[in-house]
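Notes for the one structure printed next.
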């Protein structure tokens, strides 16, 4: 009715919705919301005397929170990435050895989950940081970046018909709708839940998003969690007598940049999923040399993708649009792949399913090291190529890109460590 009233065609309306989504995404990328909420959060925090329970506090007060550590320390070495020019400082500073402390799971008594993203509060009203986002920033910045002002305001409202649970664990958090974050920040925490179950014999109720995507449900199913094991978040608040909180499987590499995902945790997710895949011969239908296309994504699309595929197809490469594939198909695709070329994006999270992979990541004007760190942590060969964004492109992190085909072929066929007899290049 609305479209008819204003004489807007469905195609035009979809285009408008896409532009609005891109605009909101760009506001988020530039931290506009964070800057707007900062003074409000400061006032709310001051008035209601809200403190932050950091990861260190959970560990230091282990007796209070029934701390259970599992696994062992994990040493990961990051080597120089393969590229045609200089390695940028944003990657160079990670070339080092890193140690992950053993992961853990804790219990918070008489806790409450509040707001659209189920932020955890203890019985005194302090924020449990490990229920929000991995600690990318110094503690004094964490509140404004991980908790909305609406959540803090909602926490102060009178309790009306609050759902009450005996024991639960929440997978609801700020970035769960992103494929990459769902894998590395949500699914990796299930290892802690399963360890808790083995130690106590008690299986916490798993709280998930109120409207999960099909791929989120498929992931959970492949990991052995069906709908009977999960409770959908009510979007408001829940009281939990025993809130089970597994640690994020992240190492904060530096004070205010990116954190490093545990390769060991990713392997746990991969092994569980690959072992539960239904038997099939579909693997034979996939190319071992794969090119990940982002033609259906909102950003970081490759403008000259058709020309690139004309150059790569004779070398045995096939383009795959991952949005058109199920989780099972994506796991099978990457499990047998030898080479993956892809623009920076969540589809590269599927490298956790690979056995012996060489990765070439394509960037526009913006670079992030997360897949560089993951690839090297998993023991894969990693190279990257920096392209260019058109002068008319105003987006910061999500700008589309032009890739130099000659440089890509040179990187692909070079005699560097990314191109050895057994690499498959």
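Read-outs throughout are calculated quantities, based only on the coordinates presented, and are distinct from any laboratory measurement. No experiment lies behind these values; they were computed from the predicted model shown. Note: ideal-geometry Cβ built from the backbone for every residue, glycine included; neighbour counts use all protein chains shown.
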Quick calc: nm separation of the 7 Å Cα→Cβ label points for residue 318 and residue 84 -> 2.8 nm
Determine, for 180, 175, the number of other Cβ atoms within 10 Å of each Cβ, and report the residues in order from fewest to most. 175, 180
At a Förster distance of 22 Å, what's the computed FRET efficiency of residue 226 paired with residue 161, Cβ-Cβ distance as r, to 0.05? 0.20
Pairwise centroid distance, computed over Cα atoms, of segment 154-214 with segment 223-255, Å: 2 Å
Once label points are set 7 Å from the Cα along Cα→Cβ at both residue 407 and residue 356, what is their separation, rounded to one decimal in nm? 3.1 nm
Can you order the peptides 340-351, 227-238 by their average number of other Cβ atoms within 10 Å per residue, highest first? 340-351, 227-238
Normalised contact order of segment 277-413, rounded percent, pairs of Cα under 8 Å and 6 or more residues apart: 25 percent
The FRET efficiency for residue 203 and residue 69, from their Cβ-Cβ distance with R0 = 25 Å and rounded to 0.05, is 0.80
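Just subtract the alpha-carbon distance of residue 285 and residue 123 from 0.36 nm times their residue separation and send over the number in nm, one decimal. Could you put the intermediate results ahead of the total?
On the way: separation 162, 0.36 × 162 = 58.32 nm, distance 5.46 nm.
Stretched fully, the residue 285-residue 123 segment lengthens by 52.9 nm.
With a cut-off of 8 Å between alpha carbons and a minimum separation of six or more residues, what is the relative contact order of segment 52-137 in percent?
Numbers: 106 pairs, mean separation 27.7, N = 86.
Answer for segment 52-137 is 32 percent.
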Kindly state, to the nearest 0.05, the FRET efficiency for residue 309 paired with residue 98, given R0 = 35 Å and r defined as their beta-carbon distance. 0.45
What ranking of 215, 268 emerges when the number of other C-beta atoms within 10 Å of each C-beta is taken as an exposure proxy, fewest first? 215, 268
What distance in nm lies between label points placed 7 Å from Cα along the C-beta direction at residue 274 and residue 61? 4.1 nm
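By DSSP, what percent of the beta bridges with both residues in segment 277-413 are antiparallel, rounded to the nearest 5? Write down the numbers at each step before the final one.
On the way: 1 of 21 bridges.
Among the beta bridges of segment 277-413, antiparallel pairing accounts for roughly 5 percent.
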